[in-house]
Amino acid sequence: MFRFVLFPLIAWIVLSQHQALAARHALLIGCSDYKTHSDLHGCGVDVALLKERLATPRFGFGPDDLTVLSDADTTTKPPTYSNIHAAFETVVAANWAADEAPDMLLIYMSGHGGQRRSETEKDGTDEFFMPIDETEVILDDQIGAWLGVLNQKGIHTWIVFDSCFSGTMTRGGDPNESVRGLASPELDATRLAAPKSNDDVGWELPKGGASNCVAFYACQAYEKAIEDKSLDNSLGKPVPHGLFTFCLLQCLDQQTVGDDAILTYEDLRRGIIERYRALGRTWPTPFCEGDLDQEVLGFEKWPRANPMYLQFDGDTTSIVGGQMAGLTINAIVAIFAPQDSKQTTPIGYVQVVSVTATTAEIESVAYGEFPQAVPVSVFPNNSTCQVVSQELGELRIALTISCVDVDAGQSLEMTFRDKAADPLSIFRVVESKGSQGWTLMVSETDRLLVPNQVPLTLGDGFPSATQLQRTPHVRYQASLANSELVDAVERDLRRVYNCENLQRLAVAYGPNATAAHDIKLKMSKVRGDLASKEVKAGDVLRIEVVNEGAYDAAFAVFFVSSRFQIASQASDFIKPAQSLFRPTTIALFEMTINEKMWGQNGLILVGIPQEGKVKHQLNYVGIEQKRLGDAADKKRGFVAKTPFEKQLYNATFGNQKFRTGGTSEQPQMSMVSWVVSE
């Protein structure tokens, strides 16, 4: 069974200076119009798209670097047996670049694949690729021989098959799908008695020393590849694609291309599997083999970082890695059995209690799916570790007390310090005013809470409301007793604390923190001075939600004002992108800026891909709050139902220290903000 799906990888060909000196070639084969067998309509589309992408300046393949055989393109030779065989022989026998730089070959084969009886194969069958003239077939053994020669020459080959054969089952019934598979009728009676495995494939990667070949298959050796015309409607009508090729292209297109961007074949493999899951696919099953730590269409090898692991030394258990591995005090670390090389199933969790540059002492902790802590002593030696949650440091708000009456100030400060000593307090009292934090200014007739960045000093009179109209602040009644003043100040500082933690969450789950970030906010000015980036009173801003991913998603949007108000603006669902280059967009609302919206305001989006699960509308109204100085918030009924809802609520309104991680929902958050200048 062969199936080469290479066209998507093109979307990620980023040639380094080292690669640019190397010889590169691509052999693209697409079989559509068969002599007697059913026609395939997506093979020519996929080859054409691959050819187009490779020829762009972004990827740098010139006309002489491409050999294309496609009966859907009249400018190329048809993919007959003789033409395919000759093309392979030409590529294998070619005099590659004489310099010391390695050479890269891309092979893409899209068409019908099948099986026939064999007296030499251990499973009794040969796999083959069917040319359009059907005079002869390209056998798996022949492909293996060609790859062996290329490997001996040191050629780095990526071969992708988008064809297949199923030995054990038949799928059908969807009018949008067709199968890229053929079989000899006499094999039907033996399939159930002799199911195939991938080990039964007649060809295999070159043996003897390191192999320079990586192979991508659209399905397992016993499954059929699918061609689907329901995936892409970008031209206003269904466009057929190979399912594997389409998902690979989607995955590659989501990557961020940059000088430091690295994508390995293993990264691609995982991404393709996730795309299949997003489409609700449990079959066919793509698989890959070869050195998957290799850079995609590159020559550098990027092995996974050496994992942290548990080390037992007498009665002491520690994690080897320490600060050099990014560990911090109170970090939560998942423990995996030594044989779980992919770290898929934790066997327990530990918490870091002390850390040095190279090691960390730990203790067991209840976390995640383990309501009871698993004793450290039961973990196997050399168990691997992965950080799942870390505290982000001292986040309590610094409060300075400045009082005209020194004696009264000491008494008031003691009351605040008693409150700050409560483990659940969100502020701490500091002696001197720094650039961050807040100051409570107290006189006989006035009490004023202001941020430290405001250059104010105590004097005969406090600033008036007019002087502070563009500065967040709160004035309290002079008649309040010390205990009442402490409660009032804590209420308002908690609003500041809540907004700051919500923004921290947005950063922790923002575009720079997550590999995939498909759900985004989009803001544009639709009224006012459209050429200016400044936002002024009277301007109208349009807010939209965009989904560039393959999953349905639930989302919620909050407004965070310069006065630390949090207001829920929307909670809804958004469909996946219509195609690779046509994201789905929902217009939420248009906002008119008024003169009271001074300072920095913003919107925060929380998006959670549904990934085929039962839809759950996000319910975050519980984190709404009034602005500084308003009466106490009356919370509406709110029961967190999902792990991230609990994390979001606890991070903003809970009294636990703020943590990243702790949820498997993979939320995606983003912010847009603006400053009203006048």
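Name the residue, out of MET597, MET591, that is in contact (Cβ under 8 Å) with a residue 24 or more places away in the chain and within 23 Å of ASP492 (Cβ to Cβ).
Exactly one residue qualifies, and that residue is MET597.
State all residues of the range 562-571 that are in contact with a strand residue (DSSP E or B) (Cβ under 6 Å, 6 or more places away or on another chain), over 12 Å from ILE604 (Cβ atoms) and at pLDDT 85 or above; if no residue qualifies, say none.
Passing the criteria: only SER562.
If we scan the range 483-505, do we find a residue that is over 18 Å from PHE558 (Cβ atoms), exposed (fewer than 13 other Cβ atoms within 10 Å of the Cβ) and in contact with an Asp or Glu (Cβ under 9 Å, 6 or more places away or on another chain)?
Looking for residues that are over 18 Å from PHE558 (Cβ atoms), exposed (fewer than 13 other Cβ atoms within 10 Å of the Cβ) and in contact with an Asp or Glu (Cβ under 9 Å, 6 or more places away or on another chain), one finds none in the range 483-505, hence no.
Is there a residue being within 31 Å of the chain's Cα centre (by Cα), part of a helix (DSSP H, G or I) and modelled with pLDDT of 90 or more anywhere in the range 27-35?
No, the range 27-35 contains no residue that is within 31 Å of the chain's Cα centre (by Cα), part of a helix (DSSP H, G or I) and modelled with pLDDT of 90 or more.
Of the residues that sit in the range 589-636 and are in a strand (DSSP E or B) and hydrophobic (A, V, I, L, M, F, W, C), which one is modelled with the lowest pLDDT?
ILE608
Specify the residue that is modelled with the lowest pLDDT; the eligible residues are those in the range 335-353 that are over 14 Å from VAL378 (Cβ atoms) and in contact with a Ser or Thr (Cβ under 9 Å, 6 or more places away or on another chain).
Taking the candidates together, the pick is SER341.
May I ask you to list the residues in the range 354-384 that are surrounded by 12 or more Cβ atoms within 10 Å (Cβ to Cβ), touching a Gly at 6+ places or on another chain (Cβ under 7 Å) and at pLDDT below 90?
Result: VAL355, THR356, THR358, THR359, ALA360.
What are the pairs with Cβ atoms under 6 angstrom where one residue, in the range 37-52, is in the same structural domain as LEU231 (by TED's automatic domain parsing) and the other, located anywhere, is of a type in the set (Val, Ile, Thr) and in a helix (DSSP H, G or I)? Sequence gap at least six, or different chains.
That search, which allows pairs on different chains as well, returns ASP46/THR245; LEU50/ILE10.
Between residues in the range 84-108 that are small (Gly, Ala, Ser) and residues that are assigned to a loop (DSSP other than H, G, I, E, B) and modelled with pLDDT under 80, which pairs lie under 6 Å by C-beta distance while being six or more apart or on different chains?
The qualifying pairs are ALA97/ALA23; ALA101/LEU21; ALA101/ALA22.
Being at pLDDT 90 or above and in contact with a strand residue (DSSP E or B) (Cβ under 6 Å, 6 or more places away or on another chain), is that true of even one residue in the range 95-104?
no
Looking at ILE586, is it in contact (Cβ under 8 Å) with a residue 24 or more places away in the chain, within 23 Å of the chain's Cα centre (by Cα) and either outside any strand (DSSP E or B) or outside the structural domain of HIS473 (by TED's automatic domain parsing) (or both)?
Against the criterion (in contact (Cβ under 8 Å) with a residue 24 or more places away in the chain, within 23 Å of the chain's Cα centre (by Cα) and either outside any strand (DSSP E or B) or outside the structural domain of HIS473 (by TED's automatic domain parsing) (or both)), ILE586 qualifies.
For the range 371-418, give me each residue that is among the basic types (Lys, Arg) and in contact with a Ser or Thr (Cβ under 6 Å, 6 or more places away or on another chain).
Selection gives nothing.
Quick grid of which residues meet (1) over 17 Å from PRO667 (Cβ atoms); (2) β-branched (Val, Ile, Thr); (3) surrounded by 20 or more Cβ atoms within 10 Å (Cβ to Cβ):
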{"residue": "LYS536", "(1), (2), (3)": "yes, no, no"}
{"residue": "ILE543", "(1), (2), (3)": "yes, yes, yes"}
{"residue": "ASN547", "(1), (2), (3)": "no, no, yes"}
{"residue": "ASP552", "(1), (2), (3)": "no, no, no"}
{"residue": "VAL557", "(1), (2), (3)": "no, yes, yes"}
{"residue": "ARG563", "(1), (2), (3)": "yes, no, yes"}
{"residue": "ALA567", "(1), (2), (3)": "yes, no, no"}
{"residue": "ASP572", "(1), (2), (3)": "no, no, no"}
{"residue": "SER579", "(1), (2), (3)": "yes, no, no"}
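Within the bounds of the range 393-407, is there any residue that is modelled with pLDDT of 85 or more, small (Gly, Ala, Ser) and over 44 Å from the mean Cα position of the chain (by Cα)?
Looking through the range 393-407, at least one residue is modelled with pLDDT of 85 or more, small (Gly, Ala, Ser) and over 44 Å from the mean Cα position of the chain (by Cα).
The values are calculated or read from the model by the stated rules, or taken from the named source; none is laboratory data. Every value quoted in this text rests on a predicted model; they were computed, and no experiment measured them. Cβ coordinates were reconstructed from backbone atoms using ideal geometry, including for glycine residues, and neighbour counts include every protein chain displayed.
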